[in-house]
1. Quickly run through region 351-369 and pick out the residues that are within 19 Å of the chain's Cα centre (by Cα) and at negative phi.
2. Taking the residues in region 126-157 that are modelled with pLDDT of 70 or more, more than 16 Å from ligand 2 (Cβ to nearest atom) and not in a helix (DSSP H, G or I) as candidates, determine which candidate is farthest from Glu109 (Cα to Cα).
3. Just the residues that are more than 16 Å from ligand 2 (Cβ to nearest atom) and either modelled with pLDDT under 95 or not β-branched (Val, Ile, Thr) (or both), please, taken from region 52-65.
4. Quick one: would you say Tyr233 is modelled with pLDDT under 95, in contact with an Asp or Glu (Cβ under 8 Å, 6 or more places away or on another chain) and assigned by TED's automatic domain parsing to the domain that holds Thr34?
5. May I ask you to verify whether Lys323 is in a strand (DSSP E or B) and among the basic types (Lys, Arg)?
6. State the number of residues belonging to region 1-39 that are within 16 Å of the chain's Cα centre (by Cα), crowded, with 24+ Cβ neighbours inside 10 Å and more than 16 Å from ligand 2 (Cβ to nearest atom).
7. Test Thr304 against the stated conditions and say whether it is touching a Pro at 6+ places or on another chain (Cβ under 8 Å) and β-branched (Val, Ile, Thr).
8. Which of the following residues is basic (Lys, Arg) and touching a Phe, Trp or Tyr at 6+ places or on another chain (Cβ under 8 Å): Lys62, Lys55?
Amino acid sequence: MKKRIYIFTGKGGVGKTSVAAAHAVKSAKEGYRTMLVSTDMAHNLGDLFEKKLGKEPESIAKNLCVYEIDPEYVMENDFEDMVKSLGKMLPQDAGTNLADYGMFPGMEELFALLKINEIYQSDNYDRIFVDCAPTGETLSLLKFPELLSWYMEKLFPVGKVAVRILSPIAKQFYKVELPNRAAMSDIEKLYLKLYDLQELLKNREVTSVRLVTVPEKMVVEETKRNYMYMNLYNYNVDGLYINRLLPKDVRNPFFDEWLKIQSNYKQQLYESFAALPIYEIPWYDEEVRGMKAVYRICNDALTTEDIFDTKEITQRESFEQTKDGYLLKLSLPFADKSEVDLFQSESEIVVKIGNFKRNIPLPNVLRSFAVTSGKMEEGTLLVEFERFGGQKDEL
Ligand SMILES: Nc1ncnc2c1ncn2[C@@H]1O[C@H](COP(=O)(O)OP(=O)(O)O)[C@@H](O)[C@H]1O
Ligand SMILES: [Mg+2]
């Protein structure tokens with residue numbers, strides 16, 4: 001059996017925690033060894049299950065463990081050596097709290113993700129459900145492993161000669177102490193862990209990202225952006241949950257307008273996300289608290305048999321050979337042509353949208369190729385490469 005990870009993301013308050021919990025409860029009921037873990041600093045799994053939770057995973061029902069990750073605790077207990085080595089490299093005047101360092105924003109959450117990787121590798125669980133912080137934070141978190149390993153490659157190429165050559169420059173420009181030999185191996189370990197983490201989270205057979213939304217203008221807009229960015233970073237989104245749908249037969253004139261608004265945005269969501277499986281969750285007459293309330297979601301919305309299956313909706317980025325050169329295809333649903341910027345350097349191509357950018361390493365064969373055109377076509381970015389000077393590729 002393939003072990004799986006499910007990441008629930010969406011704007012604050014839309015129902016991520018409730019929906020993630022419902023999946024976990026259902027999964028445990030089916031007999032799978034299930035872990036529900038929260039990386040949101042404002043934890044509320046304890047509230048949800050009406051249990052006081054500690055700093056370690058806790059079993060709360062048959063097959064069901066819940067775990068509110070405390071990143072500081074994890075950094076001290078599980079990654080002490082690495083954190084120390086990183087500390088040595090960072091600017092001296094930056095205080096003692098690693099999370100303060102500008103060079104590694106979001107560092108604490110990163111260790112929370114590394115912890116999830118450990119849980120996955122432990123083989124103690126079949127399914128891990130991740131209840132995330134609101135969209136913005138989650139996005140920066142999910143792009144982080146890639147970003148950080150990119151930094152590390154630039155600063156500490158995993159070849160020691162390069163490190164020596166880089167050293168004086170790195171010191172000057174980045175105000176960092178390069179690690180000594182012993183520390184270097186910790187840095188290398190961290191690098192490898194980050195690499196593993198990326199591979200795991202972007203492995204479409206392992207990790208599913210699920211979007212939670214409500215039928216309201218701002219949230220719908222944000223959900224589309226979120227979907228685009230998830231694609232930019234190559235995550236496999238394979239489900240959309242529309243939460244808080246008013247019952248159609250609600251008989252109170254106060255809700256007449258709200259029913260119209262909801263039906264309008266619900267329709268928009270169905271049109272925009274036609275490719276995704278969509279699940280509807282009613283607006284309940286109570287908060288989602290306690291097992292019974294969680295079961296309401298299971299019974300109302302998580303009824304399809306393939307709910308836990310991974311589905312390939314968009315494609316991972318690819319380089320294809322064409323008549324004149326190569327074509328890079330990157331799925332970017334809802335991206336507007338005018339907001340996508342492309343840059344090429346010797347070893348990578350940079351795709352920038354708003355505040356987000358992705359550095360896509362170029363395959364070696366493309367080092368002597370230049371970008372000749374870039375366009376958006378039906379939610380896919382197409383970038384053409386031709387050999388410098390338009391010569392034919394002769395081997
Ligand atoms: N379908 C629903 N009906 C009624 N209350 C809901 C529903 N979904 C979520 N809630 C309540 O809304 C609040 C926010 O939900 P939560 O799952 O914590 O959202 P998030 O994790 O996205 O911030 C909670 O108090 C929860 O009990
Ligand atoms: Mg939450």
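The values are calculated or read from the model by the stated rules, or taken from the named source; none is laboratory data. These figures come from a predicted structure and were not determined experimentally. Here the Cβ positions follow ideal geometry from the backbone for every residue, glycine too, while neighbour counts run over all protein chains shown.
1. Val351, Lys352, Ile353, Asn355, Phe356, Lys357, Arg358, Asn359, Ile360
2. Here the residue is Asp126.
3. Here is the first cut: in region 52-65, the residues more than 16 Å from ligand 2 (Cβ to nearest atom) are 52, 54-65.
Across region 52-65, the qualifying residues are Lys52, Gly54, Lys55, Glu56, Pro57, Glu58, Ser59, Ala61, Lys62, Asn63, Leu64, Cys65.
4. Criteria met by Tyr233.
5. No: the conditions fail for Lys323.
6. Residues meeting the conditions: 0.
7. Here the answer is yes, as Thr304 does meet what is asked.
8. Values: Lys62 fails: touching a Phe, Trp or Tyr at 6+ places or on another chain (Cβ under 8 Å).
Just a single option satisfies the conditions, and that option is Lys55.
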